[in-house]
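Some notes on the structure that comes next.
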Amino acid sequence: MALRITQQDNTITLEGTLNTETVNNFKSHFNFILNAFKNVTLNIDKVKDIDDSAMQILKAMYVNGVKNNMMFFVEGNRSEAIYEAFQYPNVA
């Protein structure tokens, strides 16, 4: 399934599957939005699946945001799993 990306202000909503085929498109869009806003909320309520490679890219994006003092929030039904994966990132 393709990934649908919608945006309203600083909230990005994803719908579909976040995997190796769709993550680069998401990353490009997310970086564009992050340059416009200092904090971004990622809503993943409608994401069906997130594979390991996409999770690693999300984690790298989070670390990069922390290093650049940009806030990156994740909300939705799988947000706890994502925050657990983000636990103790090496941002030094």
* Structure fact -> Proximal lysine pairs in the chain, meaning Cα under 18 Å and 8 or more positions apart or interchain, come to 8
* Cα gyration tensor of the chain - equivalent ellipsoid semi-axes, whole Å, descending -> 18, 16, 12
* Structure fact -> So for R0 = 30 Å, FRET eff. of Phe37-Ala81 from the Cβ-Cβ r, to 0.05, ends up at 0.75
* Calculate for the chain the 222 nm mean residue ellipticity that helices alone would give, adding -39,500 (n - 2.57) per DSSP H run of length 4 or more and normalising by residue count, nearest 500 deg cm²/dmol. => -13000 deg cm²/dmol
* Structure fact -> Of the DSSP H helices in the chain, the ones reaching 27 Å or more along their long axis in Cα terms and averaging at least 0.5 in Kyte-Doolittle hydropathy are none
* To do: Please get the size of the charge dipole for the chain, origin at its Cα centre, with Cβ charges of +1 on Lys and Arg and -1 on Asp and Glu, quoted in debye to the nearest 20.
  => 280 debye
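No value in this document is a laboratory result; all are computed from the given coordinates. Being a predicted model, the structure only gives us computed values, none of them experimental. Neighbour counts are summed over all protein chains in view; Cβ atoms, including those assigned to glycine, are modelled from backbone coordinates with ideal geometry.
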